[in-house]
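The values are calculated or read from the model by the stated rules, or taken from the named source; none is laboratory data. Values in this document were obtained by computation on a predicted structure and should not be read as measured data. Note: ideal-geometry Cβ built from the backbone for every residue, glycine included; neighbour counts use all protein chains shown. Accessible surface is based on the protein model in full, side chains and every heavy atom, while ligands, DNA and RNA are left aside. Shrake-Rupley method; radii C 1.70, N 1.55, O 1.52, S 1.80 Å.
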Amino acid sequence: MGLRRVVMAAIAALALLSAPASARTFRFAAQGDFKSLDPYTLNETFTLAMHGAVYEGLTKRGPNLEILPGLAERWEIAEPTRWRFYLRKGVKFANGEDFTADDVLFSADRVRATGSNLTARISADTQFVKVDDYTVDVVLSAPNPILHYEWDTWYIMSKKWAEANNAVAPTPPNAQTPGYAALNANGTGPFRLESHQAGVKTVWKPNPAWWGKPEHNLTEVIFTPIASDATRVAALLSGEIDWMDPVPVQDIQRVNAGQSTTVMTGPELRTIFLGFDQRSNELKYSNVKGRNPFKDARVRQAVYQSIDINAIRDKIMRGLATPTPLMISPLLYSRAGEFKRFPYDVEGAKKLLAEAGYPQGFEVTLDCPNDRYVADEAICQAVVGMMARIGIKVTLNAQPKAKYFGKVLAPSFDTSFYLLGWTPSSFDSWNIIYGMYGCRNDQGKGRGESNLGGYCNPEIDKLADQILSENDPKKRDDLIYQAYDIGQNKDVGYVPLHQQSLAWGVSKKVKVVQRADNQFLFYWATKE
Amino acid sequence: MIAFVIRRLFQSVIVMIAVGLIAFTMFRFVGDPVNQIVSIDTPREQRERVRQDLGLDRPVPVQFAAYLVRAAQFDFGMSYQFRQPVRGLIGERMPATLELAGVAAVLALLVGIPMGVFTALRRDSLLASLFMAVSLVGISLPTFLIAILLRYLFSVQLGWLPSYGRGDVVMLAGWSTGLLTASGLKALILPAVTLALFQMTLITRLVRAEMLEVLRTDYIRFARARGLRNRTIHFGHALKNTLVPLITVTGLQLGSLIAFALITEYVFQWPGMGLLFLGAVQNVDIPVMAAYLMLTATIFVGINLVVDLLYAAVDPRLRIAARPA
């Protein structure tokens, strides 16, 4: 009798311990993991979003990507080349230290140090000056209206903590011991890191000392990377996870049909496009010898007009894509609506090819990744078929991203014709006009670095320089308009295809905010 | 005996170097690691710097030599993707794989041997035919398909068992075990059954075939003539003599259970070494790939050695032959 009572009591006690009435554990899964806890080691969307639970920047971005105050309460442009940031008072790091101007100055140095992958957040000649403990001046060598556009993911780290733990610089790739900051996190953000086992499991708990008012109602968050698509879907359907990304195109119906699951879709910022080698005097992968057909804007336009973009959207993307005339998402440029795609017109395309001197078409190889973007290889296969209708015989070379990027990116630029996806990391057109339309040299350093095909028009370079230092938003948008007008409407520098859709698998028990940059921020999540 | 062991150890070293060389040559074709370490819009100078820092600009033979020197000291370098020592990463993941493979092997033996004996002794019974039919299915269906079917039934439809992961683990002297928690045991069922199914059917069929063979031999007839009880004949004489091939097969299969549990690990997101390896392949994480392949080779070489020694223990003829004349 006695023993039985003890056992019953123990079971009851255990039950109480393991299930507190208000426990709201949010579980989620994604394809990959964030590789390091150091917020400066990799400039990649998912990684930055995960760091964003623990760390904060001077600015934040809201659900619609609007720039909001973060660790800086407000800021002003005192002179065109001097910005003043007023820091939030009473903010503490997870280890209890106060956040001050010293931490901002320290983080500004650290993010530009060797081993950081986020050096582009702040240009090398930008100086940070401490005015007092809660005021920082940023001194520029030239006006820069988009100075703070990427500062929502330039996370502020504690100077004292980093110095005490020998983590003043990010761990370089060749280090023989892991850096302290790569294995531990100490931020000011809404969550604290409980544990992190790389590639296996990460656990966060809310930060009770956070300065802001929590918009979530969670008591614990658990993240597991699940590489296999089928497993991720099964875990969501069986209710073991509340959120996952991405839902494979073929499983969308199944997830929507689930009793307690649904797919959240929305346009993503990334633009999928085709690019041409316009720099070489002879295409490396083609049967045309002695000249380069892609140097002729009419050939590029013919390719453009041969593509039935609506068929790609409906048949391959199953509706989860938005065709686009621009290399930037319409969400990121106010005048995007004024641009139109060239119409799909096979006869017109044939005529253009004939005018350019290729009435019989030609042969060329298309480089394509097969594990990077939604249905990337299928899109390329469709392009091959569509271009065949105007006589251009395309050979498809689809490879895993690990090989593909090594082939097409700087310094090799080893491609004649390629498919790529691009999001401007600053969420601003200058990144594209400078990096993708800018004339580049052979090595591809600086201007035109992401311009794999070497499109070049000096007028655009001139506009890019003006855009960089124009502080007036309206004038700036005009200049951007001119650049896109030349680059697309006149020169057909690229063939933009579409913005792919986000497809998040979400349990009906939770509410989350889907942001177009595909950052999943669980500090906005609530659970029943 | 000692000479035999030393000879085998020497051969093992050669095997390991060969594996290392083949692996290293293969890595050239996986892709460029630098693109996996930095983001796609990283400036070129920064990329070049990473390449130099990692020594990837050196000729392949130089890289291989440097690697061998360090590997001989059990230093496998730092993972490119996690920036943590590879040794630590593999050490963290190894318990998961060993537990899974161990449980699967025990399961396969515990079910496989009795099934094999039964089907051999009661060849014509209905149950034996059923067992044989099941084993045919087990041996011909691919692992990932079984995994998906099991998961669809037991986690998505019935909701009894978790569809991924390892559940809660307990740390025991640096070894993370899932065998001591309810969620850990529940999480183990589907992957272990998936992994064991093929081995189990293999063992059933092997034991059956060997038993049938042995039961026809003269000494079994003599045993019967001596009036020994059936049980003594079947288990004391017949089964004992099927053990030699069974040990070979089980030993080698245990190696492949550990090394190639990776499909099961991938499907169930089981955080073992195989999953680590697959992630490494996707991210061109050469130090992790190299260490995993070397470890796999070590496991196979080690198991082969143990199997050879076990032969001697089980089969007296080998012991006699090994003695110097």
- Task: Can you confirm whether region A:257-265 contains a residue that is free of Cβ contacts under 8 Å to residues at least 60 places away in the same chain, within 23 Å of A:Lys35 (Cα to Cα) and surrounded by fewer than 17 Cβ atoms within 10 Å (Cβ to Cβ)?
- Result: no
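For region B:118-217, list the helices (runs of 4 or more DSSP H) that sit wholly inside it and hold at least 2 residues that are surrounded by fewer than 20 Cβ atoms within 10 Å (Cβ to Cβ) and within 12 Å of chain A (Cβ to nearest Cβ); which are they?
Result: B:143-151, B:182-215.
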- Message: Can you find, within region B:69-87, the residue that is modelled with the highest pLDDT among those that are open to solvent by less than 20 Å² (accessible area, probe 1.4 Å) and more than 9 Å from chain A (Cβ to nearest Cβ)?
- Response: B:Val86
- Can you give me the number of residues within region B:26-47 that are at the interface with chain A (Cβ under 9 Å from one of its Cβ atoms) and not in a helix (DSSP H, G or I)? 11
- Message: Of the residues A:Thr271, A:Thr261, A:Thr231, only one is within 30 Å of A:Lys490 (Cα to Cα) and within 14 Å of chain B (Cβ to nearest Cβ); which?
- Response: A:Thr271
- Item | Test: residue in region B:276-289 that is of a type in the set (Gly, Ala, Ser), within 14 Å of chain A (Cβ to nearest Cβ) and over 24 Å from B:Gln73 (Cα atoms) | yes
- Take the residues in region A:176-199 that are touching a residue at least 40 places away in the same chain (Cβ under 8 Å) and either within 14 Å of chain B (Cβ to nearest Cβ) or over 26 Å from the mean Cα position of the chain (by Cα) (or both), then tell me which one is surrounded by the fewest Cβ atoms within 10 Å (Cβ to Cβ). A:Asn184
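Taking region A:314-327, which residues are at pLDDT 95 or above and not hydroxyl-bearing (Ser, Thr, Tyr)?
A:Pro323, A:Pro325, A:Leu326, A:Met327
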- Query: Quick one: would you say A:Glu215 is touching a helix residue (DSSP H, G or I) at 6+ places or on another chain (Cβ under 8 Å) and open to solvent by 50 Å² or more (accessible area, probe 1.4 Å)?
  - Reply: yes
- Among the residues of region A:486-499, count how many are more than 25 Å from the chain's Cα centre (by Cα) and not aliphatic (A, V, I, L, M). 3
- Note on the structure: Across (1) open to solvent by 10 Å² or more (accessible area, probe 1.4 Å); (2) in the same structural domain as A:Asp414 (by TED's automatic domain parsing); (3) in contact with a Pro (Cβ under 9 Å, 6 or more places away or on another chain); (4) not in a loop (DSSP other than H, G, I, E, B), A:Leu497 clears everything bar (1)
- Message: Between a residue in region A:66-93 that is farther than 14 Å from A:Val136 by Cα and open to solvent by 50 Å² or more (accessible area, probe 1.4 Å) and any residue that is in a loop (DSSP other than H, G, I, E, B) and small (Gly, Ala, Ser), which pairs come within a Cβ distance under 7 Å, given they are 6 or more apart or on different chains?
- Response: A:Leu68/A:Gly62; A:Lys92/A:Ala209
- State whether one or more residues within region A:136-149 are buried (at least 18 other Cβ atoms within 10 Å of the Cβ) and assigned to a strand (DSSP E or B). yes
- With respect to B:Ile247, determine if the residue is farther than 28 Å from B:Leu309 by Cα, assigned to a helix (DSSP H, G or I) and either open to solvent by 30 Å² or more (accessible area, probe 1.4 Å) or out of contact with any helix residue (DSSP H, G or I) (no Cβ under 7 Å at 6 or more places or on another chain) (or both). no
- Task: Could you check A:Gln253 against (1) open to solvent by 40 Å² or more (accessible area, probe 1.4 Å); (2) touching a Leu at 6+ places or on another chain (Cβ under 6 Å) and say which number it fails?
- Result: (2)
- Message: Restricting to region A:267-304, name every residue that is more than 26 Å from A:Thr322 (Cα to Cα) and either open to solvent by 60 Å² or more (accessible area, probe 1.4 Å) or not assigned by TED's automatic domain parsing to the domain that holds A:Glu377 (or both).
- Response: A:Arg279, A:Asn281, A:Glu282, A:Lys284, A:Tyr285, A:Asn287, A:Lys289, A:Gly290, A:Arg291, A:Lys295
- more than 12 Å from chain A (Cβ to nearest Cβ) and over 22 Å from B:Ala280 (Cα atoms) - does that describe any residue in region B:15-25? yes
- Please go through region B:256-275 and pick out each residue that is closer than 17 Å to B:Ile90 by Cα and part of a helix (DSSP H, G or I). B:Leu257, B:Ile258, B:Ala259, B:Leu262, B:Glu265, B:Tyr266, B:Met273, B:Gly274, B:Leu275
- Query: Of all residues in region A:165-175, which are away from every other protein chain (no Cβ under 12 Å) and either open to solvent by less than 20 Å² (accessible area, probe 1.4 Å) or within 14 Å of A:Phe34 (Cβ to Cβ) (or both)?
  - Reply: A:Ala167
- Unique match (being at pLDDT 95 or above, more than 18 Å from the chain's Cα centre (by Cα) and among the β-branched types (Val, Ile, Thr)) among A:Val303, A:Val288: A:Val303
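Results for (1) touching a residue at least 40 places away in the same chain (Cβ under 8 Å); (2) within 29 Å of the chain's Cα centre (by Cα), shown as yes or no for each residue.
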| site | (1), (2) |
| --- | --- |
| B:Ser163 | yes, yes |
| B:Ile189 | no, yes |
| B:Leu202 | yes, yes |
| B:Leu215 | yes, no |
| B:Ile220 | no, no |
| B:Asn230 | no, no |
- Given the structure, is B:Val288 under 30 Å from B:Val60 (Cα atoms) and assigned to a helix (DSSP H, G or I)? yes
- Before we move on, is B:Thr97 in contact with a Lys or Arg (Cβ under 7 Å, 6 or more places away or on another chain) and either within 14 Å of another protein chain (Cβ to nearest Cβ) or open to solvent by less than 20 Å² (accessible area, probe 1.4 Å) (or both)? no
- Out of all the residues in region B:48-68, is one or more within 12 Å of chain A (Cβ to nearest Cβ) and polar (S, T, N, Q)? yes
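Just to be sure before I move on: is B:Leu56 assigned to a loop (DSSP other than H, G, I, E, B) and out of contact with any Leu (no Cβ under 8 Å at 6 or more places or on another chain) in the structure I sent?
Numbers: assigned to a loop (DSSP other than H, G, I, E, B): yes; out of contact with any Leu (no Cβ under 8 Å at 6 or more places or on another chain): yes.
Answer is yes for this residue.
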- Does A:Asp472 satisfy the criteria of being away from chain B (no Cβ under 13 Å), open to solvent by less than 10 Å² (accessible area, probe 1.4 Å), of a type in the set (D, E, K, R) and at negative phi? no
